[in-house]
Amino acid sequence: MPSQTNTERPSGKFLRNAWYVAGFSHELKQKPLLARTILSQPVLLYRDESGELAAIGNRCPHRFAPLSMGRLVGDQVRCIYHGLGFDRSGKCVHNPHGPTGSIAVPAFPLAERDGIVWIWMGEAALADLSTVPRFDRLDTAGYHVDYGYLHGSAHYELMSDNILDLSHIEFLHPALGTEAVSKAKVLVEQQPDRIVVTRRMRDEVLHPGLGGVYRTGTRPVNRTMTVSWAAPANLTLWVDVETIDDGQPWQSGSQSLHLFTPETDSSTHYFYVASLDREKADEATAESFFNALQRVFTTEDKPIIDAQAELIGHSDIMELKPALLPIDKANVFARRRLSKMIAQESGGPNHDSGS
Ligand code: FES
Ligand SMILES: [Fe+2]
């Protein structure tokens, strides 16, 4: 791999030595040369001739044209502007105007798992495939699985706060929350590699739409929502529902992944994956559930988070001394932990704004 790569980037803003979602496998089918800015760096994702995924810098080193506007020729990406060609290692291997010399773009380690493409933006030598995040309930034989993408005009931590603190569903999402949400018992656990928030709602009658998805109807249920956060901003949410009426006991649930990748320090790629057990939900139920989630994320979560980010501007929310409520505990823990990790990685002071 060429040496002109990942160590030359400014440190301290993002956790660099971590796996981030770069995209979904199906996106590469729709767009063979997929341009995406990740951690403020222009990246080009594509499959080479053998079908293997590659990720190289998207900015041609000659006149900085996007390589994504070029084309694939054999195993090279050829720049549309003056024809330089680059291989999957980022090395320039074709120059119609003279020698290729040391011309290169960065190249990034990748891993593809369960339809998710992960990228390593840090020190390539530290990329360890055994640490690529894996999730269960993505096996389509057993589960209905839906992959979705949203662009957020907000810092990625604001977006992961939104999942870590699900008290908002009672107020922002009438189709998902009830008054039982704010009355719930909430447990926040700091585990070595994650923060887990468990919210137990008791004796709740779900909104009819949700009661339909979980097939609990209007019967009272106990609902547990468990959110697991892992740095930098990968969250899993499990919802477990059980009826408490002894007549016809029923258990159901869902899983969703909320994987946030910083595009810049003020915008985010939001990759989500939702799944429902095939034994508990038919195709039509799953489809309407996935559509409802997409609608909720797009028309309810996104507008409030984007608007919140606009008012916060370029500040870190913690620097603005927000009124902290008990519901913010997990957010504070996650921010503190990530801040420490970034400081350790960059060798700088710990900008711990979360205490
Ligand atoms: S800008 Fe790419 S070859 Fe000139
Ligand atoms: Fe929400």
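Points worth noting:
- Members of the stretch 126-185 that are acidic (Asp, Glu) and more than 17 Å from LEU257 (Cβ to Cβ): ASP128, GLU157, ASP165, GLU170, GLU179
- Residues of the stretch 181-205 satisfying the condition of being away from ligand 2 (no atom under 16 Å from the Cβ) and either over 30 Å from THR131 (Cα atoms) or among the basic types (Lys, Arg) (or both): LYS183, LYS185, ARG194, ARG200, ARG202, ASP203, GLU204, VAL205
- Sub-6 Å Cβ pairs linking a first residue in the stretch 182-207 that is farther than 24 Å from THR243 by Cβ and touching a residue at least 12 places away in the same chain (Cβ under 8 Å) to a second residue that is surrounded by fewer than 19 Cβ atoms within 10 Å (Cβ to Cβ) and of a type in the set (Asp, Glu), at least 6 apart or interchain, are VAL196/GLU189, ordered by first then second residue.
- The set of residues in the stretch 13-45 being small (Gly, Ala, Ser) and farther than 19 Å from HIS151 by Cα consists of ALA18 alone.
- Test: residue in the stretch 91-109 that is within 20 Å of the chain's Cα centre (by Cα), of a type outside the set (Asp, Glu) and within 20 Å of ALA230 (Cα to Cα): no
- Any hit, the stretch 19-30, residues being assigned to a loop (DSSP other than H, G, I, E, B) and surrounded by fewer than 22 Cβ atoms within 10 Å (Cβ to Cβ): no
- Residues of the stretch 57-69 include none that is within 22 Å of ARG36 (Cβ to Cβ), surrounded by 15 or more Cβ atoms within 10 Å (Cβ to Cβ) and away from ligand 1 (no atom under 16 Å from the Cβ).
- Output for the stretch 295-319, where each listed residue is touching a residue at least 24 places away in the same chain (Cβ under 8 Å) and either among the hydroxyl-bearing types (Ser, Thr, Tyr) or away from ligand 2 (no atom under 12 Å from the Cβ) (or both): THR298, ASP306, GLN308, ALA309, GLU310, ILE312, HIS314, ASP316, ILE317, MET318, GLU319
- Within this structure, ILE119 fails the test of being in contact with an Asp or Glu (Cβ under 9 Å, 6 or more places away or on another chain), among the hydrophobic types (A, V, I, L, M, F, W, C), surrounded by 15 or more Cβ atoms within 10 Å (Cβ to Cβ) and in contact (Cβ under 8 Å) with a residue 12 or more places away in the chain.
- Filtering the stretch 160-180 to residues that are more than 7 Å from ligand 2 (Cβ to nearest atom), assigned to a loop (DSSP other than H, G, I, E, B) and touching a helix residue (DSSP H, G or I) at 6+ places or on another chain (Cβ under 7 Å) leaves ASP165, ALA175, LEU176, GLY177, THR178, GLU179.
- Checked against (1) under 20 Å from SER228 (Cα atoms); (2) within 16 Å of ligand 2 (Cβ to nearest atom); (3) touching a Gly at 6+ places or on another chain (Cβ under 8 Å); (4) in a helix (DSSP H, G or I), ARG336 meets all criteria but (2).
- Only one of LEU34, LEU15, LEU39, LEU45 that is at positive phi, within 20 Å of the chain's Cα centre (by Cα) and not small (Gly, Ala, Ser): LEU39
Every number here is computed from the coordinates shown, using simple stated rules; none is lab data. All values reported here derive from a predicted model rather than from experimental measurement. Don't worry about glycine lacking a Cβ; one is built from the backbone with ideal geometry, like all the others, and counts go over all protein chains shown.
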